[in-house]
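The values are calculated or read from the model by the stated rules, or taken from the named source; none is laboratory data. As the structure is a prediction and not an experimental result, all values here were calculated from the model. With ideal geometry, Cβ positions are generated from the backbone for all residues, glycine too; neighbour counts draw on all protein chains shown.
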Amino acid sequence: VGVNGNKVGHLFENISSFVRQCIFSVLNVGPVPSHIAFIMDGNRRYSKKQNLIDGNGHRAGFSALINMLKYCYELGVKYITVYAFSIDNFKRRPEEVVSLMKLMQEKIDELTKEESIVNRLGIRIYFQGNLKLLSDHVRSAAERAMVKTSGNSKAILSICVAYTSTDEIVHAVQESCEEKWDEIRKNNDGGNLIRLEENVKDKDEHRIGVTNVDRHMYMSVCPDPDIIIRTSGAARLSNFLLWQSAHCLLYSPAALWPEIGLRHLIWVILDFQRNYLYLKEKKKQS
Ligand code: FPP
Ligand code: MG
């Protein structure tokens, strides 16, 4: 029975993979987004709904993420970003934060293995956020994963942890100011500090602008997202990619994150294709 069950499982897997390929070839006749970002909301509600023990909703959420990563990759989406843990999430019950961090470390180690899905598909991982806020263990696991996948170039998975958009923007502005000051000091060839301040006052070339700030964003490794999907029906961004989402299509299906599936992806791609020319025009005007 076990062997037969396995054979049936394989057959089902092959058929669904074939059907997916057919659907994706049809979708590829139209424009395909280069970057999709996900707010993976609803894991605890899923856990309650399914009577799972605490924490297993997030585990199911990780499996959903792997499936979605595979679908996006097969469709030809080059950049995939997920909101895995916000700075505000540190305010949750300490037991929940500890258990989520444990799961995170376990899954990051799993992804780092030679035979993991990211290495098989050639996906490079970036962890984006204020990584100093993570425990040493989780931070080292994240750094190892970034180094171990740095040779992969088929697609990029950005995992936002200890992330909020406001923190990212403040960080980028601070870095831009420091860089500008270094530049000014270098060009001041030994002049004194008072003269230096008089020299820079009100001069346009000494002001930082959008391009400076853009360059220092954590997310500067990716183009702006074309689509943000937030599960569980809430249409809020919750401090995620605020700087990058000016011309982005938002989609908020009622499904909880672990319930997200191929049908949601197909639906949002069709919506993207319907709105493509309008969104392109808006981007050009900005
Ligand atoms: C939001 O659902 C989800 C999270 C706070 C964590 C999601 C993390 C994972 C799926 C694991 C990711 C791991 C790696 C290595 C990428 P919620 O807790 O807010 O659920 P609720 O909205 O039902 O309360
Ligand atoms: Mg939530």
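Matching residues to (1) at pLDDT below 95; (2) of a type outside the set (Gly, Ala, Ser); (3) closer than 20 Å to residue 216 by Cβ; (4) not in a strand (DSSP E or B):
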| site | (1), (2), (3), (4) |
| --- | --- |
| 119 | no, yes, no, yes |
| 127 | no, yes, yes, no |
| 139 | no, yes, no, yes |
| 146 | no, yes, yes, yes |
| 151 | no, no, no, yes |
| 158 | no, no, yes, no |
Run residue 153 past the list (1) of a type in the set (S, T, N, Q); (2) touching a Lys or Arg at 6+ places or on another chain (Cβ under 9 Å); (3) under 22 Å from residue 69 (Cβ atoms); (4) touching a residue at least 40 places away in the same chain (Cβ under 8 Å) and report the number of the one that doesn't hold. (4)
Just the residues that are outside any strand (DSSP E or B), surrounded by 13 or more Cβ atoms within 10 Å (Cβ to Cβ) and either aliphatic (A, V, I, L, M) or under 18 Å from the mean Cα position of the chain (by Cα) (or both), please, taken from the stretch 82-97. 87, 89, 97
What are the residues in the stretch 246-280 that are touching a residue at least 24 places away in the same chain (Cβ under 8 Å) and assigned to a loop (DSSP other than H, G, I, E, B), if any? 246, 247, 248, 253, 255, 256, 260, 261
Qualifying positions in the stretch 150-159 - closer than 13 Å to residue 108 by Cα and hydrophobic (A, V, I, L, M, F, W, C): 157, 159
Only one residue in 70, 7 is part of a helix (DSSP H, G or I), surrounded by 13 or more Cβ atoms within 10 Å (Cβ to Cβ) and either charged (D, E, K, R) or touching a Leu at 6+ places or on another chain (Cβ under 7 Å) (or both), so which one is that? 70
In the stretch 212-229, which residues are crowded, with 16+ Cβ neighbours inside 10 Å and either under 13 Å from the mean Cα position of the chain (by Cα) or within 16 Å of ligand 1 (Cβ to nearest atom) (or both)? 218, 219, 222, 224, 225, 226, 227, 228, 229
Being farther than 19 Å from residue 268 by Cβ and under 17 Å from the mean Cα position of the chain (by Cα) is the filter; apply it to the stretch 56-65 and report the residue that is farthest from ligand 1 (Cβ to nearest atom). 63
Please go through (1) surrounded by 21 or more Cβ atoms within 10 Å (Cβ to Cβ); (2) touching a Ser or Thr at 6+ places or on another chain (Cβ under 8 Å) for residue 144 and return the number of the only condition it doesn't satisfy. (1)
What is the number of the single condition among (1) surrounded by fewer than 19 Cβ atoms within 10 Å (Cβ to Cβ); (2) within 12 Å of ligand 1 (Cβ to nearest atom); (3) modelled with pLDDT of 95 or more that residue 133 does not meet? (2)
Exactly one condition in (1) surrounded by fewer than 21 Cβ atoms within 10 Å (Cβ to Cβ); (2) touching a Ser or Thr at 6+ places or on another chain (Cβ under 9 Å) is false for residue 26; which is it? (2)
Just a yes or no: is a residue in the stretch 75-83 among the β-branched types (Val, Ile, Thr), more than 12 Å from ligand 1 (Cβ to nearest atom) and in contact (Cβ under 8 Å) with a residue 60 or more places away in the chain? yes
Look at the stretch 5-55 and say how many of its residues are within 14 Å of ligand 1 (Cβ to nearest atom), modelled with pLDDT of 95 or more and farther than 22 Å from residue 252 by Cα. 1
Within the stretch 230-245, how many residues are closer than 14 Å to residue 260 by Cβ and within 11 Å of the chain's Cα centre (by Cα)? 0
